[in-house]
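Bear in mind that the values in this text are calculations on the coordinates, not laboratory data. Since this is a predicted model, take the numbers as computed values, not measurements. Cβ atoms come from the backbone with ideal geometry, glycine included; neighbour counts cover every protein chain shown.
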Amino acid sequence: MDNFLSSNLIALKTTVERVVENDITPFAEQVDREGAWPAHSMKALAAAGLLGLQVPTQLGGHGQGLFALSLVTEAIGKACPSSALCFGMHCVGTAVIAAKATTDQQDRYLRAIADGKHITTLALSESGTGAHFYLPQTRLTLEGRHYVVEGTKQFVTNGGHADSYVVSTVASTDTAEAGDFSCLIVDRDSEGIEWLEPWNGFGMRGNSSRGLRFNQARVPQANLLGKEGDQVWYVFEVIAPFFLMAMAGTYLGIAQAAVDAAGEHLRARSFTHSGESLRDIETLQTRFAEMWISVEKTRSLIHEAARRGDMGHPDALPFILACKADAGDTAVHLANDAMTICGGTAYRENSRVSQLLRDARASHVMSPTTDMLKIWTGRSLLGLPLL
Ligand SMILES: Cc1cc2nc3c(=O)[nH]c(=O)nc-3n(C[C@H](O)[C@H](O)[C@H](O)COP(=O)(O)OP(=O)(O)OC[C@H]3O[C@@H](n4cnc5c(N)ncnc54)[C@H](O)[C@@H]3O)c2cc1C
């Protein structure tokens, strides 16, 4: 595949593969077992200059788009899905800040991110509106040169570890209706923020997904992103493509890891009574071929979606919507198939394959969820508005 990549992308891919091999893979099992936020991964990605993947080049970043994001998250996700989720959410938060950053926001956030000194993340979901992440109910009131924020976010990835949080709120204008919302950058040490109980996930156990309560929190007016109430633009132009690509890459990484685990077992396992190897059995050869076909089809869809998104192709939308749904389905199916192929060795608590299956399962509940994405893909193909 490298033959089809630009020299910039080949360099980025080589860099992330080195970081994954040296600094991420050795601790992946521990991250899952202890449910520990992968500080070592974020530190190594920062040292390799990758935190600024989405920061414009004139501010010291790589100025990359969706294709690079899919390659980097796939490489990380293959080794440690929790690390890929944490890094991916940082990249989405960065893209949201970068979309319409003021000079002050460029200086305070984007340059620091490019220097590897700042991690950001996205805090959109709330328990009241659940998967409908584009309908925040957190309130915002302008008092002098500060906004006062009141409300509670749920499932904030990188919660308690990031330096800043991109938070969605109802616009403070009197005429604001559901869906007219504003986004603010909230610094980690802001007055009036409170972290709720840590989340003990079934999978993606290292992502530090936590509730975040704003008790009349005070945020400088200068931290507003874009104009008040124009965030629906952000949802469909920035958050959706970058989030969907970061997650598609992560779940593709899981799917590839499942194929690799199955292939390793098929080659290594042989029977003492017959000397026959598992790879000599036709049923398993067929099953393995189907796994490979599935992962390659998903990779092609993701890359096509990323290419179309990066070039602003008019028909990019259904590709981008479908690619995360498809990657989630593929990851779950292939982790499940890998467990069948790897037999009883894999069907034990905390085996590598059982971790892949648990991590893959997050894809269907992280919003936009698989069901929602398939509805939106259909609506977009049929010329209907998404919502
Ligand atoms: C590991 C993990 C990390 C996360 N990280 C973040 C983060 O960093 N930032 C953030 O903001 N959020 C994050 N989330 C939250 C996530 O994006 C969802 O908002 C959240 O999981 C929704 O959970 P819920 O239980 O409220 O779902 P519910 O809203 O109760 O939905 C339950 C099910 O109903 C389905 N459903 C609901 N409405 C419809 C509909 N109209 N049509 C079809 N199906 C529908 C959903 O698809 C879902 O399958 C994370 C979640 C997880 C699991």
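Using Cα positions and a limit of under 13 Å, work out the aspartates and glutamates in reach of residue 117, with same-chain residues fewer than 8 apart set aside.
Qualifying aspartates and glutamates at Cα under 13 Å: 107, 163.
Please compute the net charge surrounding residue 302, taking Lys and Arg as +1 and Asp and Glu as -1 over other residues with Cβ under 14 Å from its Cβ.
0
What residues from the range 186-215 fall in the zone where the backbone N is under 19 Å from a label point 7 Å along the Cα-to-C-beta line of residue 129?
Counting only backbone N, you get 186, 210-215.
List the trypsin sites (Lys or Arg not before Pro) in the range 45-127 that DSSP assigns to loop (not H, G, I, E or B) and whose Cβ has at most 11 other Cβ atoms within 10 Å. Which are they?
Loop-located and lightly packed - 117.
To two decimal places, what compactness ratio does the range 268-387 give when its Cα radius of gyration is scaled by 2.2 N^0.38 Å?
This ratio for the range 268-387 stands at 1.35.
Pairs 153/324; 78/227; 153/297: which are spaced more than 31 Å apart, C-alpha to C-alpha?
78/227; 153/297
Would you mind checking which residues have amide H under 5 Å from residue 182's amide H? H placed 1.01 Å from N; only 5 or more apart, or other chain.
Correct list: 169, 170, 171, 229.
Given an 8 Å cut-off on Cα distances and at least 6 residues of separation, report the relative contact order of the chain as a percent. Don't skip to the answer; put the middle values down first.
On the way: 788 pairs, mean separation 65.8, N = 387.
It comes to 17 percent, rounded to a whole number.
Once the Cβ-Cβ distance between residue 300 and residue 15 is put in as r, and R0 is 30 Å, what FRET efficiency do you end up with, to the nearest 0.05?
That pair, residue 300 with residue 15, gives E of 0.80.
For the pair residue 364 and residue 30, what calculated FRET efficiency results from E = 1/(1 + (r/R0)^6), where r is the Cβ-Cβ distance and R0 = 41 Å, to the nearest 0.05?
0.95
Give the peptides 54-63, 81-90 in descending order of average Cβ contacts within 10 Å, highest first.
So the order, starting with the most tightly packed, is 81-90, 54-63.
Mind checking the alpha-carbon convex hull of the chain and giving the volume per residue in Å³?
Convex hull of Cα atoms, per residue: 135 Å³.
Would you calculate a helix-derived [θ] at 222 nm for the chain, using -39,500 (n - 2.57) for each DSSP H run of n ≥ 4 and dividing by the full residue count, to the nearest 500?
The helix-only estimate for the chain comes to -15000 deg cm²/dmol at 222 nm.
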